[in-house]
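Notes to accompany the following structure.
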Amino acid sequence: MTSMKTRHFLSLFDLTPAELRSVLRRAAELKALRRRGERHAPLAQKVLGMIFEKASTRTRISFEAGMAQLGGSSIFLAPRDTQLGRGEPIEDTARVLSGMVDLVMIRTFGHALVERFASCSGVPVINGLTDYNHPCQLLADMQSFIEHRGEIRGKTVTWIGDGNNMCNSYLEAACQFEFQLRVAVPPGYEPDAELLKRAAGRAVLLRDPMAAAKDADLIATDVWTSMGKEEERQRRLRDFAPYQVTAHIMAQAQPDAIFLHCLPAHRGEEVSAEVIDGPQSRVWDEAENRLHAQKALMEFLLQPD
Ligand code: CP
Ligand code: NVA
């Protein structure tokens, strides 16, 4: 089953910068097509299998709706209801799914599990979030920046809060889209050390969120307590208290800076209501762009030529 040509999307590094740009251009076209109400169903008969080991609103809906709009269909698999939940090896599951579906999306905890699945899969595998990164969200974030502010190459992006999966994907994006990234996190919550090294020259680690926000074109944050870290919530509330994105922080940035958050958000924790519900926030476009960006990604992976 395994083909030399099978492409996966486990990180932003799995596509070249030119391929990423072309997926984003296509995402903008697909958004316009949908706005005009035009039918575009190139993936008729194609089936997407989706494995979710963590909760989701946006990722599930955007993949499921996206596949339906492209003419295909999708199957939602919760581990509780599959043999995965009873210990069937991930490698065996990958080989079996490869024979039946055309594309697989996985959201899980350990990144190695997605890599193991992909290594045995004859069909493209998309990472729908792991503890390590969230590349699909970055497609939507880049699309949102470009549609509101134009080219992102050479711009300054500031990440404030937890050095989590989203922060790691911002490091990947800084390399692939060639922007400068400032990461402001408290001690002990740094992003992946290897990724920081890989992004050297593009990314700097800071402690002071005010200094990090100065003249930024984009300010982004995420929850302080990611899925799987719930037992650390009280400690995290204390450690992250100085890292809330407030109007005062936004005022340090460029006057036309935008604010992004992958959602779900906790107003009064990582971001004030004033900011997320304010004029610089583009979070609703960002959420919608998950749909368009992933439709473009699925088209790309299934019809790479
Ligand atoms: N941003 C994001 O991935 O949202 P969900 O957890 O709702 O899928
Ligand atoms: N960092 C968050 C992102 C949710 C989309 C989490 O992993 O829970």
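The values are calculated or read from the model by the stated rules, or taken from the named source; none is laboratory data. Bear in mind the structure is a predicted one, so any value in this text is a computation, not a measurement. No Cβ is skipped: glycine too gets one built from the backbone with ideal geometry, and neighbour counts run over all protein chains shown. These area figures cover heavy atoms from the full protein model, side chains too; ligands, DNA and RNA do not enter into them. Shrake-Rupley method; radii C 1.70, N 1.55, O 1.52, S 1.80 Å.
Between residue 235 and residue 153, what is the spin-label point distance in nm, taking each point 7 Å from the Cα along the Cα→C-beta axis?
Here the modelled spin labels are 4.3 nm apart.
For region 148-302, what is one quarter of the convex hull surface built on the Cα atoms, given in nm²?
In nm², the orientation-averaged hull projection of region 148-302 is 9.4.
Please work out the Cα center distance from region 228-272 to region 277-302, rounded to the nearest Å.
That distance is 21 Å.
How charged is the neighbourhood of residue 91? Take every other residue with its Cβ under 15 Å from the Cβ of residue 91, and add Lys/Arg as +1 and Asp/Glu as -1.
Spelling it out: positives minus negatives among the neighbours equals -1.
Students often get this wrong: which residues of region 22-38 have the backbone nitrogen under 15 Å from the point 7 angstrom along Cα-to-C-beta of residue 263?
none
So if I restrict to the alpha-carbon atoms in region 21-98, what is the Rg, and what is Dmax, the biggest pairwise distance, in Å?
When restricted to Cα atoms, region 21-98 yields Rg and Dmax of 15.4, 47 Å.
What part of the accessible area of the chain, given as a whole %, is carbon or sulfur when the probe is 1.4 angstrom?
Solvent-exposed carbon and sulfur of the chain make up 52 percent of the total.
Take the eigenvalues of the Cα gyration tensor for region 32-77, scale each by 5, and report the square roots as semi-axes in whole Å, largest first.
The equivalent ellipsoid of region 32-77 has semi-axes of 22, 14, 5 Å.
Can you tell which of 78, 244, 160 lies farthest toward the positive end of the dipole of the chain, using +1 and -1 charges on the Cβ of basic and acidic side chains (Lys, Arg; Asp, Glu)?
Checking the options against the dipole of the chain, the answer is 78.
Could you please put 9, 76 in sequence from largest to smallest accessible area, using a 1.4 Å probe?
76, 9
Just the Cα atoms of the chain: what Rg and Dmax do they give in Å?
18.9, 55
Using a Cα-Cα cut-off of under 27 Å, which lysines could be cross-linked to residue 197, ignoring same-chain neighbours fewer than 8 residues away?
Result set, ordered by chain and number: 155, 214, 229.
Add +1 for every Lys or Arg and -1 for every Asp or Glu among the other residues with Cβ under 10 Å from the Cβ of residue 221, and state the total.
Computed value for this residue: -4.
I'd like the GluC sites (Glu not before Pro) in region 96-183 restricted to DSSP loop residues with at most 14 other Cβ atoms within 10 Å, sorted by number.
Of the GluC sites (Glu not before Pro), the ones in loops of region 96-183 whose Cβ has at most 14 other Cβ atoms within 10 Å are 151, 178.
Keeping every protein chain present and rolling a 1.4 Å probe, give me the accessible area per residue for region 1-121 in Å².
52 Å²
Please give the helix 135-149 orientation as an angle from the longest Cα principal axis of the chain, in degrees from 0 to 90, rounded to the nearest 10.
It works out to around 50 degrees.
What is the distance, in nm, between label points placed 7 Å from the Cα along the Cα-to-Cβ direction at residue 194 and at residue 13?
The modelled label-to-label distance comes out at 0.7 nm.
Whole number in Å², please: accessible area per residue of region 164-305, 1.4 Å probe, ligands, DNA and RNA not counted.
Accessible area per residue: 41 Å².
Using a simple spin-label model with points 7 Å from Cα along the Cα→Cβ vector, what separation in nm is obtained for residue 109 and residue 61?
2.8 nm
Taking the Cα centre of region 1-54 as the origin, how large is its charge dipole in debye, to the nearest 20, when only Lys and Arg (+1) and Asp and Glu (-1) carry charge on their Cβ atoms?
Dipole size: approximately 300 debye.
Give the residue list of trypsin sites (Lys or Arg not before Pro) in region 28-119 that are DSSP loop and have at most 12 other beta-carbon atoms within 10 angstrom.
Answer in residue order: 36, 39.
Helix 283-302 versus the longest principal axis of the chain: what angle, 0 to 90°, nearest 10, using Cα atoms?
30 degrees
Only Lys, Arg, Asp and Glu count, each charged at its Cβ (+1, +1, -1, -1), so figure out the dipole size of the chain about its Cα centre, rounded to 20 debye.
With Lys and Arg at +1 and Asp and Glu at -1, about 480 debye.
Counting only DSSP beta bridges with both residues in region 148-217, what percent are antiparallel, rounded to the nearest 5?
Roughly 0 percent of the beta bridges in region 148-217 run antiparallel, per DSSP.
For helix 165-177, what angle does its Cα long axis make with the longest principal axis of the chain, in degrees from 0 to 90 and rounded to 10?
Helix 165-177 sits roughly 90 degrees off the main axis of the chain.
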